[in-house]
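Data first, discussion second: the structure below is written as structure tokens.
Taken together, the values in this text are just the output of simple stated rules run on the coordinates, not laboratory data. Note that this is a predicted model, so its numbers are computed, not measured. Using ideal geometry, Cβ is built from the backbone for each residue, glycine included, and neighbour counts are taken over all protein chains shown.
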Amino acid sequence: MVLLLVAMPKFKKMQELVDKLNTYARAYYVEDAPLISDGEYDALEAQLIALEKETGVVLPDSPTHRVGGEPLAKFEEHRH
């Protein structure tokens, strides 16, 4: 029980980072409207990666195990 209480703030911080990073990634990749600099994003992602390694937990919606995203609507389709 004590271990769980100690870990809870870390899990809460992880969820906060996941939520922020997912919001920032959507703005950047889907909406083409960055909200923060690449350096700021990388620093937040580094915090999340460190917490994931420390706890051994990767949240299901973590951007650290997602590849790609939705294509921008402004891209035209091209037939090959």
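Quick notes
- Highest to lowest packing among 27-39, 45-57, 11-23, scored as the average C-beta count within 10 Å: 11-23, 45-57, 27-39
- Extending 7 Å from Cα along the Cβ direction at residue 29 and again at residue 66 yields two label points whose distance is 0.7 nm.
- Calculated FRET value between residue 10 and residue 36, using beta carbons and R₀ = 22 Å, to 0.05: 0.45
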